[in-house]
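What follows is a set of notes on a single structure, which appears directly below.
The values are calculated or read from the model by the stated rules, or taken from the named source; none is laboratory data. The shown structure was predicted, so the numbers you read here are calculated from the model rather than taken from an experiment. Cβ placement follows ideal geometry from the backbone for every residue including glycine, while neighbour counts extend to all protein chains displayed. Only protein heavy atoms, including side chains, enter the accessible area calculation; ligands, DNA and RNA are left aside. Shrake-Rupley method; radii C 1.70, N 1.55, O 1.52, S 1.80 Å.
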Amino acid sequence: MQTNFSSEALSDPAQAASEAIIRKCVHCGFCTATCPTYVLLGDELDSPRGRIYLIKDMLENETTPTAKVVKHIDRCLSCLSCMTTCPSGVNYMHLVDHARTYIERSYRRPWHERFLRSLLAAVLPYPRRFRAALALARLVRPFGPLLARSAMTRPAAAMLALAPGRISSRSTAHSGNSAGTRGRIALLQGCAEPVLRPEIRAATVRVLERAGYETVFASGEVCCGALTHHMGKERPTLAAIHRNVDAWTRLIEEGGLTAIAVTTSGCGTMIKDYGFILRDDPDYADRARQVSEMTKDISELLLDADLSEGDGRGLVVAYHAACSLQHGQRVSEAPRRVLTASGYAVRTPVEAHLCCGSAGTYNIFQPVIAGQLGDRKAANLDRLGTDVIATGNIGCSLQIGGRSITPVVHLIELVDWATGGPCPAELAHLATERIGS
């Protein structure tokens, strides 16, 4: 795609990077076939190619974004399916991330949008605040149907609908007691996952210990920054990244750190991008790149682990590939192979490449589109007729779990159960009916 950025604009590293990305686009349109919003809406401006045109015009001319431009950029899920499809190697992720930052700086949203976005940025990345917000949501939930009647308050209704009816107990998982004959793993603590489902962390520690790893948690670690990053909020995002790089660098400098393991794939995609985000920061570039290179999704790590053969108890698993894992990190086979090695029969649904509609906070900001995608994904998974759905992202679990008739658990919980751990609570009926224990 031909561009006409001014030399002054190209002196900005972010603008220069975006211009190089735009020039790689050859208008082929392959991306339209795999873009969830284009598949649903059929609007060229709701396809990656259409959004690239909008972003090009906005950045090239350094114009104030219009409401129309913002609407179509906001509708992007950042599922990155287009990057898997693109034959030209267009890094759409970096382009749309820059566009969101530009919009956040240049466009004044309606007051209710600004309020909600600020509220989420101030609550979700902080476990204690998030836990308190969930408790409050249980009290306000009866007003959800009323809030859903207005477009202005519909995101608040979606937020209430996503809040679980029961708040899990606080995580009791601590650093592992294993001597770590295979290595030392820093396990990402996360922000939303340990509040919504602390069992995931506990299962991960047990599995890593069985595999011979020592698990540790980095002091000073905070949210990975993905939540604010995808809202274009640059300052809090960079602050979070700096703190995390500092925290993990301290562990690396202590010696013997094998990897940084992540159980929420959306976080993994973000952390693996730290090296790019801080590429021009002289104080952090090298350390951020090292952190990104050491980061592994838990399925990648387990693929090479020396786990004993698992007892899958004859269960059939539908594997839901989170977009952040299959498209963002290009990790597609590892989860299936790990589940198979654990003794499960694994099935894959049709349209496995399409997003479930969770996408971080997307199902709050765009509840109608997210709902359509969620219903479509849950229906495709349920048609497989499996015993359980496994995924590697807490957002997907919530999105699908609220719509599917099949129980949804994290992949690591199934691996844990198959190798000697407790049965996930969602599968207690299977343990009783089919296993007799």
Exercise. Would you mention how many residues in region 304-331 are farther than 22 Å from Gly385 by Cα and surrounded by fewer than 17 Cβ atoms within 10 Å (Cβ to Cβ)?
Key: 5
Exercise. Would you please list the contacts, defined by Cβ atoms under 7 Å and residues six or more apart or on different chains, that run from a residue in region 99-114 that is within 12 Å of Lys71 (Cβ to Cβ) and touching a residue at least 40 places away in the same chain (Cβ under 8 Å) to a residue that is in a helix (DSSP H, G or I) and not small (Gly, Ala, Ser)?
Key: Ile103/Val70; Ile103/Ile73; Tyr107/Val70
Quiz item: Restricting attention to region 30-40, and to residues there that are assigned to a helix (DSSP H, G or I) and in contact (Cβ under 8 Å) with a residue 24 or more places away in the chain, which single residue is surrounded by the fewest Cβ atoms within 10 Å (Cβ to Cβ)?
Solution: Ala33
Quiz item: Restricting attention to region 394-414, which residues are more than 11 Å from Gly374 (Cα to Cα) and in contact with a Gly (Cβ under 7 Å, 6 or more places away or on another chain)?
Solution: Gly395, Val408, His410, Leu411
Quiz item: Looking at (1) modelled with pLDDT of 95 or more; (2) assigned to a helix (DSSP H, G or I); (3) open to solvent by less than 30 Å² (accessible area, probe 1.4 Å), can you tell me which one Ala9 breaks?
Solution: (1)
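Table: residues versus (1) part of a helix (DSSP H, G or I); (2) touching a residue at least 60 places away in the same chain (Cβ under 8 Å); (3) over 29 Å from Ala341 (Cβ atoms); (4) open to solvent by less than 10 Å² (accessible area, probe 1.4 Å).
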| site | (1), (2), (3), (4) |
| --- | --- |
| Gly357 | no, yes, yes, yes |
| Gly360 | no, yes, yes, no |
| Ile369 | yes, yes, yes, no |
| Ala378 | yes, no, no, yes |
| Leu414 | yes, yes, no, yes |
Quiz item: What number of residues within region 418-437 are open to solvent by less than 20 Å² (accessible area, probe 1.4 Å) and either closer than 30 Å to Cys79 by Cα or touching a strand residue (DSSP E or B) at 6+ places or on another chain (Cβ under 9 Å) (or both)?
Solution: 3
Quiz item: Only one of (1) out of contact with any Lys or Arg (no Cβ under 8 Å at 6 or more places or on another chain); (2) open to solvent by less than 50 Å² (accessible area, probe 1.4 Å) fails for Glu254. Which number is that?
Solution: (2)
Self-check item: Verdict on Arg49 being in contact with a Gly (Cβ under 8 Å, 6 or more places away or on another chain), more than 17 Å from Met231 (Cβ to Cβ) and surrounded by 17 or more Cβ atoms within 10 Å (Cβ to Cβ)
Solution: yes
Quiz prompt | Which numbered condition Gly343 fails, given (1) within 30 Å of Asp97 (Cβ to Cβ); (2) in a loop (DSSP other than H, G, I, E, B) | solution = (1)
Quiz prompt | Evaluation of Thr340 against (1) farther than 25 Å from Ala186 by Cβ; (2) open to solvent by less than 10 Å² (accessible area, probe 1.4 Å); (3) over 20 Å from the mean Cα position of the chain (by Cα) (one fails), failing number | solution = (2)
Quiz item: Residue check: is Leu208 of a type outside the set (Asp, Glu), buried (at least 24 other Cβ atoms within 10 Å of the Cβ) and in contact with a strand residue (DSSP E or B) (Cβ under 9 Å, 6 or more places away or on another chain)?
Solution: yes
Quiz item: How many of the residues making up region 189-204 are open to solvent by 10 Å² or more (accessible area, probe 1.4 Å) and among the hydrophobic types (A, V, I, L, M, F, W, C)?
Solution: 4
Exercise. Quickly run through region 18-29 and pick out the residues that are surrounded by fewer than 18 Cβ atoms within 10 Å (Cβ to Cβ), in contact with a helix residue (DSSP H, G or I) (Cβ under 7 Å, 6 or more places away or on another chain) and touching a residue at least 40 places away in the same chain (Cβ under 8 Å).
Key: none
Exercise. Tally the residues that are assigned to a loop (DSSP other than H, G, I, E, B), of a type outside the set (Lys, Arg) and closer than 23 Å to Thr34 by Cβ, restricting the search to region 380-408.
Key: 4
